Ligand SMILES: Cc1cc2nc3c(=O)[nH]c(=O)nc-3n(C[C@H](O)[C@H](O)[C@H](O)COP(=O)(O)OP(=O)(O)OC[C@H]3O[C@@H](n4cnc5c(N)ncnc54)[C@H](O)[C@@H]3O)c2cc1C
Ligand SMILES: Cc1cc2nc3c(=O)[nH]c(=O)nc-3n(C[C@H](O)[C@H](O)[C@H](O)COP(=O)(O)OP(=O)(O)OC[C@H]3O[C@@H](n4cnc5c(N)ncnc54)[C@H](O)[C@@H]3O)c2cc1C
Ligand code: SF4
Ligand code: SF4
């Protein structure tokens, strides 16, 4: 469905030139002219106030020229020194998707988009973690995350590179940025995905996420528009094992900025003073629910957690009671964790809680109720009173550690 | 200060149940409510209006005609004007199509200094409509606001961004999505509800009332499609142990050692 310019209506205002993400419109003798490479995204049509651009033989649904798009791009979040954990997880996932593409006979590169200032050797690290190619934008304007110019930069990169898939972490930053980009590129965006796979028949990205309190899963696809965009929940995908010998390429890109691009000004950034709870990185988590009865009950769990070198987690019921801070909450409205071992003490196992722990390698439950839903969701359930089991377990671990010292 | 607040009618997800046999969502009998954070947005709009000399607060919703009750509730909270954008042609919209349609309604409203949205809904939960709307309207945005201050045509917004708090400044007109921590929404008074039904009208706009590009609305204007929904199984087929406490503790330690999980 080719795009056509109706010369008689074109006033030469150039709005469409600025709106075309793929920079295929130029002005010739005061009239808009299409160059080769149009993706049929339709951005110019939305922008022209004079109805001078239309699709020819429009079929009711816009279908972009999807064949023009290739490769998976991952937006890297970082603090100008190290990439965030979710960005590395996304690279790991992108590698997995690339493998699936190659099984389907398609070679796809994994590209990391690295935007910031004075980025050290981060680009090499991204290659070690799975990137084939790193696009680097290194400019003082990008030192801090800003919605306005980061959007412009990524749209410019996507316009030149035409990625088939474009991924972001479902963090505050990713969820601030990705929707704006999706709008400007006129494509779809799936929020907060927990699984991504390539459809065997159509080769498109199937994006799965929990819905309605973790009761259900929805799989969403974006068949006719590109790039296929998703934000992905932190703590769900697996990192690619770091390989310092892995080979990759780097490319520096410049973004053309002028002062009109700066519409949001950052006045201050304050680190939150709270101690950072590292549940997402924990290898073992000891978690307490309403069954711990009070703050003292959680203290008992904390002694076990300290003995194991674990982190302390909680259900929402325990958080709502005020026994522990919100940053310890695990589940649909808390954190998603993927420890090797999750020990659930006095937690009934509501769907909302299970939504946050199902990636754990092993789950052990301690509960007085044989019928609690946590039982079927666990590898081993010990039916009993946590106040009797936990202190003994803590002592036994301490003894064992002494013996083997 | 003229403020537009976008509000969505949502099913009360606390009440949504699943049919254990078919795994389908049971929506019947589930009450519809104003998306909770949209109430925070309304509350904030009323507060900001009060601190400026004049102007009005308009609530705007896209949805089926039943969504009128949601707008009535907003009127009872004290907003000046309510507009419902409703048409069969808008059905099946994803966030791109929703934000596009809302943007065209806002262009028709014309006069505004600020647009306030909720950070996210409790049904779709994407949090995408705010930023996408800002993009269609070419406005600066701030998401997850916990504090908003206005001085002349400058808005200052404090937001919690994962582990940091950011303070941003931008010129009006601007779009801000608010967090539920920004304020405590007022309760509606029953007599105000009744008055809202009597005195104030909800204006309804259909497709014909807006200058829409047909390729951007409803199902056809939505790049994303739901392929399937399914019930998530958490079952691990594990074992259940019932023994005296000391033996349980012994078993757990054995499990930890066997899987080499203990760091010494
Ligand atoms: C929209 C929404 C989002 C939500 N998000 C989350 C979320 O992110 N995370 C979350 O956790 N919840 C969430 N919830 C709440 C969730 O539905 C449950 O209410 C909550 O998880 C219950 O917590 P619990 O298991 O600790 O408490 P309960 O369900 O009360 O379970 C307590 C358990 O402790 C056991 N017990 C009691 N005494 C003892 C003892 N002495 N020894 C051993 N066992 C004992 C009981 O048998 C029982 O199984 C959400 C709910 C909604 C509606
Ligand atoms: C389970 C489920 C998952 C979905 N996943 C996706 C997805 O990944 N990608 C996608 O593009 N679509 C998705 N959708 C469709 C999406 O929910 C609809 O497009 C919806 O109209 C708006 O999205 P939201 O509910 O996520 O709103 P959010 O973006 O979370 O809403 C933020 C704010 O925008 C405003 N707002 C949102 N909708 C309206 C409205 N209709 N009228 C007025 N103001 C409004 C409100 O102020 C609201 O607080 C999903 C729908 C469901 C039911
Ligand atoms: S936006 Fe329309 S009128 Fe302006 S240059 Fe492009 S085609 Fe011509
Ligand atoms: S359809 Fe998209 S790519 Fe083609 S000219 Fe218009 S804006 Fe550019």
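Just so it is clear, none of the values below were taken in a lab; they were calculated from the coordinates. Bear in mind the structure is a predicted one, so any value in this text is a computation, not a measurement. Positions of Cβ are generated from backbone atoms using ideal geometry, with glycine treated the same way; all protein chains shown enter the neighbour counts.
Approximating the spin labels as points 7 Å out from Cα along Cα→Cβ, the residue B:108-to-residue A:4 distance works out to 3.1 nm. Principal-axis analysis of the Cα atoms of chain A puts helix A:386-404 at an angle of about 90° to the longest axis. Dividing the mean sequence gap of close Cα pairs (under 8 Å, 6+ apart) by how many residues segment A:67-261 holds gives a relative contact order of 29 percent. Measuring nothing but how far apart in sequence close Cα pairs (under 8 Å, 6+ apart) lie, relative to its length, chain B scores a relative contact order of 23 percent.
For peptide A:257-270, how many partner chain Cβ atoms fall within 10 Å of a residue's Cβ, on average? Could you put the intermediate results ahead of the total?
Values: counts 0, 0, 0, 0, 0, 2, 7, 11, 8, 4, 7, 8, 6, 5.
Counting Cβ atoms of other protein chains within 10 Å of each residue's Cβ and averaging gives 4.
Between residue B:154 and residue A:302, the C-beta separation translates, for a Förster distance of 60 Å, into a calculated FRET efficiency of about 0.80. Over all pairs of different C-alpha atoms, segment A:3-62 has a mean inverse distance whose reciprocal, the Kirkwood radius, equals 11.5 Å.
Peptide B:164-174 has a mean shielding of 5, counted as Cβ atoms of other protein chains within 10 Å of each residue's Cβ. Bridges between two residues of segment A:267-405, per DSSP, are antiparallel at a rate of about 0%. Across peptide B:130-139, the mean count of Cβ atoms from other chains lying within 10 Å of each residue's own Cβ comes to 5. So, R0 is 41 Å and r is the distance between the beta-carbons of residue A:371 and residue A:197; what FRET efficiency does that work out to, to 0.05? The formula returns an efficiency of 0.75 here. Relative to one another, the C-alpha centroids of segment A:297-323 and segment B:199-239 are positioned 39 Å apart.
Here the Kirkwood formula puts the hydrodynamic radius of segment A:173-290 at 18.8 Å, using every distinct Cα pair. Could you tell me whether segment A:230-285 comes out rounded, prolate or oblate from its Cα gyration tensor? Rule is a ≥ b ≥ c as square roots of the eigenvalues, rounded for a/c under 1.5, then prolate if a/b exceeds b/c, otherwise oblate. Verdict is oblate for segment A:230-285. With the convex hull drawn around the C-alpha atoms of chain A, the volume per residue stands at 184 Å³. The antiparallel fraction among DSSP beta bridges confined to chain A stands at about 25%. The spacing between segment B:128-158 and segment A:62-92, judged by their C-alpha centroids, is 26 Å. Rounded to the nearest 0.05, what FRET efficiency do residue A:50 and residue A:283 give with R0 = 60 Å and r taken as the Cβ-Cβ distance? Could you check? Calculated value: 0.45. Taking a spot 7 Å from the Cα of residue B:27 along the direction of its beta carbon, which residues of segment B:72-103 have an amide N less than 17 Å from it? What the label zone holds, given the 17 Å backbone N cut-off, is B:86-95, B:98.
How do B:57, A:392 line up, fewest other C-beta atoms within 10 Å first? Walk me through the numbers before you get to the answer.
Numbers: B:57 25, A:392 18.
By the 10 Å Cβ count, ascending, the order reads A:392, B:57.
Please report how far the C-alpha centroid of segment A:159-197 lies from that of segment A:34-59, rounded to the nearest whole angstrom. If you average the Cα positions of each part, the centres end up 23 Å apart. With a simple spin-label model that places each label point 7 Å from the Cα along the Cα-to-Cβ direction, the separation between residue B:186 and residue B:146 comes to 2.6 nm.
If contacts are Cα pairs under 8 angstrom and at least 6 residues apart, what is the relative contact order of segment A:3-62 in percent? Could you put the intermediate results ahead of the total?
Numbers: 86 pairs, mean separation 25.2, N = 60.
That works out to 42 percent.
For chain B, what proportion of DSSP beta bridges, expressed in % and rounded to the nearest 5, is antiparallel? Of those bridges, close to 45 percent are antiparallel.
Going by the alpha-carbon gyration tensor, a ≥ b ≥ c the square roots of its eigenvalues, is segment A:279-404 rounded (a/c under 1.5) or, if a/c is not under 1.5, prolate (a/b greater than b/c) versus oblate? Note, shape of segment A:279-404 comes out rounded. Model label sites at residue A:35 and residue A:11, defined 7 Å from Cα along the beta-carbon direction, differ in position by 2.6 nm.
Quick one: helix B:36-51 against the long Cα principal axis of chain B, what's the angle to the nearest 10°, folded into 0 to 90? For B:36-51 against chain B, the angle is about 40 degrees. Output the 0 to 90 degree angle, nearest 10, between the alpha-carbon long axis of helix B:190-199 and the longest principal axis computed from the alpha carbons of chain B. The angle comes out at about 40 degrees. Normalising the Debye intensity of segment B:3-216 to I(0), with uniform scatterers on Cα atoms only, and taking log10 at q = 0.14, 0.17, 0.18 Å⁻¹ returns -0.85, -1.24, -1.37. Secondary-structure-derived ellipticity at 222 nm for the protein assembly as shown, considering helices only, amounts to -8500 deg cm²/dmol, per-run term -39500 (n - 2.57) for DSSP H runs with n ≥ 4.
Normalized C-alpha radius of gyration of segment A:102-230, against 2.2 N^0.38 Å? My calculation over the Cα atoms of segment A:102-230 gives 1.12. With the Cα gyration tensor of segment A:131-189 giving a ≥ b ≥ c as the square roots of its eigenvalues, does the rule (a/c under 1.5 for rounded; else a/b larger than b/c for prolate; else oblate) give rounded, prolate or oblate? Note, shape of segment A:131-189 comes out rounded.
When the expected Rg is taken as 2.2 N^0.38 Å, what fraction or multiple of it is the alpha-carbon Rg of segment A:106-156? Don't skip to the end; give the middle numbers.
Details: Rg = 12.0 Å, N = 51, 2.2 N^0.38 = 9.8 Å.
Normalised Rg, Cα atoms only: 1.22.
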